[in-house]
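What follows is a single structure, written as structure tokens, with notes after it.
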Amino acid sequence: MTLAVHPLAGVIASFARLISGVQVRWVGCAPEPRQRIYFANHTSHLDFVVLWSALPAGLRAVTRPVAAKDYWEKGARAYIALRVFHAVLIERGAAGRAEGLAPAHGAGPAVIDQLAEALGSAYSLILFPEGTRGTGEEVAPFRSGLYHLARRRPDVQLVPAYLENLNRILPKGEFLPVPLVSSLTFGAPIQFSDEESKAAFLARAREAVRALRPGAAA
Amino acid sequence: MIARIFRDPQLTWLFGGVLALLVVATVIGALLRRAAKTDSARAVIDNLNSRTRAWWKMCAIFALSLLIGRIGTLVLFYLLSFLALREYLTLVPTRHGDHRTLFWSFFIITPLQYYLIGISWYGFFAILIPVFAFLFVPTRIALAGDPQHFLERAAKISFGLMICSYCLSYAPALLLLRIPGFEGHDARLLLYLVIVDQMSDVFQYIWGKLLGRHKIAPVVSPNKTWEGFVGGIASATLLGTGIWWATPFTRLQSAGLSLAITLLGFFGGLVMSAIKRDAGVKDYGAVIEGHGGILDRIDSLCFAAPVFFHLVRYYFVP
């Protein structure tokens, strides 16, 4: 049940790796062939490609990004999102669009249904629960989509990841990348628990990402 | 093109010498590894051997670029500048307002610097970065509209361009010098600089490991000792004097120039160490493992190349 990997995907991924000089560290888990939701901080359009390119080829073929429908559904963007990377495009509310928010993971049950369906029995997702690209100085509070999806699919492993320096390589609002060196750290999977409140779970998930920052107190 | 090397027996000798040295270093490294008893000794030897392996690769790349000729050499040094600048700017904090300036630094100013060497335009090559880029960088940052830490940001980027692009580009710029009676042998001059400079680093490391007691600047660079400094400078100067036959210099001139190269190389290492300490890391390669500390290897060359160039130009080019 793997997706056909588009030849352009490999080209774009190689280019992103070259430009970002990304150092990949699997600290809390190994790249295993199991269903996962990778959730990471979000500062750059390169985030998804870099994270995807850090996976072994076998995992790339079953890992799909989640992206905002209104931004990615037209023209060349749609081609890249849908044909090249098999992205799951989700709706975000009018308020979210106005704020320039990426996937409003706080969105209604329809979106959660869509994400759960996209996971299916074989796929993994890449999710940026901040909902929008930040400046890189701090990780914004997480939107609730991650919580609802985790509750719906407790069998899928939740893997936190931290992308460092991509805000300097291709920040929001820029279209030309500057080739600094970045790093990507995968942390230990977090467990979903029924007893935990939504806010507590989301705070814990965010903390799991923040703890992976280079230089963060271990 | 390969014929170029064999047509020039001195160049063959220089390369042959480097090759012989690498073989000897590899054999000694393997013997030491076998003889090492303790874990700490093994760690030192492993470090030494990984340096030797890196040397093999660097020499192969360098030889290849010289074989290709001037364009190969310029491309190689542009890549070195690019990687050094990348390491430096990754370490030094910049802000979003610097983004376009950084893009210019990597993809326009630095390539232009090497292009000017390629078309032998000395007058422009010598002022592109100290004059034009120096004025461009603060202007572009000011235009971006973020005044926070302005002077610091402009200074950091200008410094990076000066060291990583401008100073380093003086090494391949040696190919521009027209020394009477030495035409067509300019590759030897570059090789001479690189050999003396890099061997000075190696000798300082070896002498420091063998005899190092008294630290020169313990806070800035804990590995630099007076014993390593004196031994390294003296050995490399002797080596440089010993290969005078490959240069347009007399023995005495070669000794003086080697001394200048090794001293400047030492200063370069010291200054780049101070920057690393300031940023709180041990070496550039440690921040960016796998992208391995290009700047750690060429910091000495960045300082030695421009001074060597201008000494030679002043005394030997009419």
Exercise. So which residues in the stretch A:32-44 are in contact (Cβ under 8 Å) with a residue 40 or more places away in the chain and surrounded by fewer than 20 Cβ atoms within 10 Å (Cβ to Cβ), if there are any at all?
Worked result: A:Arg34, A:Gln35
Exercise. Could you say whether any residue in the stretch B:259-281 is surrounded by fewer than 17 Cβ atoms within 10 Å (Cβ to Cβ), assigned to a loop (DSSP other than H, G, I, E, B) and either within 14 Å of another protein chain (Cβ to nearest Cβ) or under 20 Å from the mean Cα position of the chain (by Cα) (or both)?
Worked result: yes
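Please count how many residues of the stretch A:172-186 are in contact (Cβ under 8 Å) with a residue 12 or more places away in the chain and buried (at least 20 other Cβ atoms within 10 Å of the Cβ).
The total comes to 9.
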Exercise. Looking at (1) in contact (Cβ under 8 Å) with a residue 60 or more places away in the chain; (2) closer than 23 Å to A:Leu180 by Cα; (3) among the hydroxyl-bearing types (Ser, Thr, Tyr), which is the only condition B:Ser258 fails?
Worked result: (2)
For this session: Scan B:Thr139, B:Thr110 and give me the residue that is more than 25 Å from B:Gly269 (Cα to Cα) and either in contact with a Cys (Cβ under 8 Å, 6 or more places away or on another chain) or modelled with pLDDT of 95 or more (or both).
Result: B:Thr139
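For the stretch B:68-79, which residues satisfy the criterion of being in a helix (DSSP H, G or I) and more than 14 Å from chain A (Cβ to nearest Cβ)?
Residues satisfying the conditions are B:Ile68, B:Arg70, B:Ile71, B:Gly72, B:Thr73, B:Leu74, B:Val75, B:Leu76, B:Phe77.
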Problem set entry | Matching option when the condition is at pLDDT 85 or above, within 14 Å of chain A (Cβ to nearest Cβ), within 30 Å of B:Phe159 (Cα to Cα) and assigned to a helix (DSSP H, G or I), among B:Phe103, B:Phe62 | B:Phe103
Exercise. Restricting attention to the stretch B:164-202, which residues are aliphatic (A, V, I, L, M), more than 19 Å from B:Gly256 (Cα to Cα) and buried (at least 24 other Cβ atoms within 10 Å of the Cβ)?
Worked result: B:Leu168, B:Ala173
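A quick yes/no check of all residues on (1) assigned to a helix (DSSP H, G or I); (2) under 16 Å from A:Val24 (Cβ atoms):
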{"site": "A:Ile37", "(1), (2)": "no, no"}
{"site": "A:Trp52", "(1), (2)": "yes, yes"}
{"site": "A:Leu59", "(1), (2)": "yes, yes"}
{"site": "A:Ala67", "(1), (2)": "no, no"}
{"site": "A:Tyr71", "(1), (2)": "yes, no"}
{"site": "A:Ala76", "(1), (2)": "yes, no"}
{"site": "A:Tyr79", "(1), (2)": "yes, no"}
{"site": "A:Leu82", "(1), (2)": "yes, no"}
{"site": "A:Arg92", "(1), (2)": "no, no"}
Exercise. Hey, does the stretch A:168-184 have a residue that's touching a Leu at 6+ places or on another chain (Cβ under 8 Å) and more than 24 Å from A:Ser53 (Cβ to Cβ)?
Worked result: no
For this session: Please find, within the stretch A:129-188, the residue that is farthest from the other protein chains (Cβ to nearest Cβ) out of those that are outside any strand (DSSP E or B) and of a type in the set (Ser, Thr, Tyr).
Result: A:Tyr147
For this session: Examine the stretch A:193-216 for a residue that is without any contact (Cβ under 8 Å) to a residue 12 or more places away in the chain, facing chain B (nearest Cβ under 10 Å) and either out of contact with any strand residue (DSSP E or B) (no Cβ under 8 Å at 6 or more places or on another chain) or not in a strand (DSSP E or B) (or both), and state whether such a residue exists.
Result: yes
Exercise. Quick check, is B:Leu135 within 14 Å of chain A (Cβ to nearest Cβ) and part of a helix (DSSP H, G or I)?
Worked result: no
Seminar exercise, completed: All-but-one check, B:Asn223 against (1) in a helix (DSSP H, G or I); (2) without any contact (Cβ under 8 Å) to a residue 60 or more places away in the chain; (3) in contact with a Phe, Trp or Tyr (Cβ under 9 Å, 6 or more places away or on another chain); (4) of a type outside the set (A, V, I, L, M, F, W, C), failing number (1)
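The values are calculated or read from the model by the stated rules, or taken from the named source; none is laboratory data. Not measured: the values here are computed from a predicted model. Neighbour counts are summed over all protein chains in view; Cβ atoms, including those assigned to glycine, are modelled from backbone coordinates with ideal geometry.
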